[in-house]
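The values are calculated or read from the model by the stated rules, or taken from the named source; none is laboratory data. No experiment lies behind these values; they were computed from the predicted model shown. With ideal geometry, Cβ positions are generated from the backbone for all residues, glycine too; neighbour counts draw on all protein chains shown.
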Ligand code: IMP
């Protein structure tokens, strides 16, 4: 089976848990976009594992690939590889030679660019991702294979500093000795990562030909996609399933199943439009119940109601086959449970998504309310996991049916808690790799 998992909101949908489940049922797990800006959490009885660069499937995967579409901070990669090997000693790790490198200059530029944007700031994670992709598309980028060539590294870094002169002149990077220091550090790290570097596009296609099952783990979410998200409040890569081909060298036509992950409410970090955002006490309650603090930055996340108009759009652009619905337990604990069904202006329905801040003017969001299903006891959760929807509180079942009906796709993964065991798996997802 060739499967992909993508987020259908603003990231932080709970993809880590879905990927962790599917990783045990595939031979290869591939990460293909973003970098340290992403953060996935997997909770097991052995502890809580947080991943950024390496796939969240790393606990269960036999083999992981970091493909060319990623932007990689090599020092951080070395750290994460060490942690992954502690948790999963037999894991095989491959990193594309063509993936782009995030250096400390990019990280510095990320903060400097945000400061220059002033009130137009994006609220980035400040991990250097945007500037590294700028250099990639500006054709001045550093690639992982360049770490093995100090001369080329020096030439490329000098060029980056020259081209970004206005932002770097006043910084410590305006001095050539600093470039020499970075080249030394990166080259030393290059020696550590050399054993993992390879032509991952070749490897991936070879694995496919030999009959391996492959799982593609998307980072971020559809609304952070650089083309289809709420530009400019987006990340710097394509996050939708269509990005897989260009970001890995694996043919798009061979994808068989696309799993879209939807959290039962919405959260986002950073600035930008958020039509169903809630404020005040209800927001604080939801933020605390859902532990909505950034995995990467620790920032409190903005929270709001599930927005089905937005999710329907994400289902379309990702060509989603099946939905994984997460945090169903958390939503039910609120005094009020609401789901946004559509946008209206002057009483008329507004199609599509709200892409620009100005589009929110005069917008009325309409909601459907559900009876809260309350905090679930562990025994109740076990009953649902064993016996399926019939054991759910009626209002929870209605909520899930409503999501399926509005999105036109089945919900085949229902997450009822952070632990792996607290998950109901149905239909075609239950059959994968079984
Ligand atoms: P950048 O990717 O660091 O450039 O940040 C751009 C926008 O994407 C900011 O609003 C970030 O908060 C957001 N972002 C990037 N990665 C993630 C993620 O994995 N989860 C949630 N938000 C993210």
- [ ] Would you be able to say whether some residue in the range 288-295 is assigned to a loop (DSSP other than H, G, I, E, B), closer than 21 Å to residue 133 by Cα and under 16 Å from the mean Cα position of the chain (by Cα)?
- [x] no
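So which helices (runs of 4 or more DSSP H) are wholly in the range 98-174 and hold at least 1 residues that are at pLDDT 95 or above and closer than 18 Å to residue 73 by Cβ?
Output list reads 104-117, 129-137, 150-163.
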Open item on the list: Here is a check on your reading of the model: is residue 70 under 13 Å from the mean Cα position of the chain (by Cα) and either within 30 Å of residue 111 (Cα to Cα) or away from the ligand (no atom under 13 Å from the Cβ) (or both)?
Closed with: yes
TODO: For the range 292-308, name all the residues that are at pLDDT 95 or above and away from the ligand (no atom under 11 Å from the Cβ).
DONE: 303, 304, 305, 306, 307, 308
Open item on the list: Condition (residue is more than 15 Å from the ligand (Cβ to nearest atom) and under 22 Å from residue 192 (Cβ atoms)) applied to the range 105-121: is it met by at least one residue?
Closed with: yes
- [ ] Restrict the check to the range 245-254 and report whether at least one residue is touching a helix residue (DSSP H, G or I) at 6+ places or on another chain (Cβ under 6 Å), modelled with pLDDT under 95 and on the phi < 0 side of the Ramachandran plot.
- [x] yes
Open item on the list: Let me spell it out: the conditions are (1) touching a helix residue (DSSP H, G or I) at 6+ places or on another chain (Cβ under 7 Å); (2) without any contact (Cβ under 8 Å) to a residue 60 or more places away in the chain; (3) within 13 Å of residue 325 (Cα to Cα), and residue 401 meets all of them except one. Which number is the exception?
Closed with: (1)
Open item on the list: So if I check each of 354, 311, 365, 339, which one is part of a strand (DSSP E or B) and within 30 Å of residue 119 (Cα to Cα)?
Closed with: 365
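Any idea how many residues of the range 250-274 are within 16 Å of the ligand (Cβ to nearest atom) and either more than 20 Å from residue 308 (Cα to Cα) or assigned to a loop (DSSP other than H, G, I, E, B) (or both)? Step through it out loud before you land on a result.
As a first pass, look at the range 250-274 and keep what is within 16 Å of the ligand (Cβ to nearest atom): 260-263, 265-274.
Then keep just the ones that are either more than 20 Å from residue 308 (Cα to Cα) or assigned to a loop (DSSP other than H, G, I, E, B) (or both); that gives 269-274.
Count: 6.
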- [ ] Determine if the range 376-394 includes at least one residue that is surrounded by fewer than 16 Cβ atoms within 10 Å (Cβ to Cβ), touching a residue at least 40 places away in the same chain (Cβ under 8 Å) and out of contact with any helix residue (DSSP H, G or I) (no Cβ under 7 Å at 6 or more places or on another chain).
- [x] no
TODO: Sort out which residues of the range 404-424 are without any contact (Cβ under 8 Å) to a residue 60 or more places away in the chain and touching a helix residue (DSSP H, G or I) at 6+ places or on another chain (Cβ under 6 Å), and write them in order of number.
DONE: 424
Open item on the list: Please determine whether any residue of the range 23-45 is buried (at least 22 other Cβ atoms within 10 Å of the Cβ), over 25 Å from residue 127 (Cα atoms), at pLDDT 95 or above and touching a strand residue (DSSP E or B) at 6+ places or on another chain (Cβ under 7 Å).
Closed with: yes
Task: Only listed residue being within 30 Å of residue 29 (Cβ to Cβ), touching a residue at least 24 places away in the same chain (Cβ under 8 Å) and in contact with a helix residue (DSSP H, G or I) (Cβ under 8 Å, 6 or more places away or on another chain), chosen from 157, 167, 148 - done: 148
- [ ] All but one of (1) more than 16 Å from the ligand (Cβ to nearest atom); (2) farther than 20 Å from residue 15 by Cα hold for residue 231, so report the exception by its number.
- [x] (1)
